[in-house]
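Please read the structure below before turning to the comments.
What follows draws every value from the coordinates through simple rules; no lab data is involved. Since this is a predicted model, take the numbers as computed values, not measurements.
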Amino acid sequence: MYSGGEIKEYKQGEYTFNIRQFDPFYAMKVSGDLLKVAAPLLDGGFDAIRKSPANDKHTSDFALLANIATGGVTALARQLNGDELLRIAKLLLDPEYVYVKKGNGDFVKFTESVANEVFSGRPIDMMVLMCQVAAVNYADFSKLSSIPVGFLEIWGAIRSMFRDALNAISVQPSLSGERSEKE
């Protein structure tokens, strides 16, 4: 059984998580399922860009980003229901790949019962952890070969925007009032 993969540490509030990169075949399965979520999100965001007035100096960058986010979330909401979101959460937060540090300092698998304990009343914080797991597994294309340069440039810009957004979320107080910090 493959047990390789880099381990990244991530702090969120009072909890520290270890996220191990997915095994290659599991990563392929998860990426196929994530595409079903990401495609409508990106399509809605790009649709908002297409509909935005070009070079309108009265539209702020924030307003444009808000339109893009709203378009993406609206398109995603048409495609994603609670059962599908739960299925994606269980794929991303697989206890074979995600661990959390308990009070005694030991890391334990992030099982459903542990998730209930850690994120009770804070499902948005759990979604932030899901984004972090996706970033650990899919945001680094530096190990791939034979990728067209244009794609790498576009991916670099998208990855930069994703990381900036994730960093902005990570330093915001969680719903419990705790600050999250990415390491």
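Here are some notes:
- Amide H to amide H, with H built 1.01 Å from N, TYR15 comes under 5 Å of no residue 5 or more places away or on another chain.
- Pairs beyond 18 Å (Cα-Cα), from LYS8/LYS36; LYS36/LYS90; LYS8/LYS29; LYS11/LYS101; LYS29/LYS90: LYS8/LYS36; LYS8/LYS29
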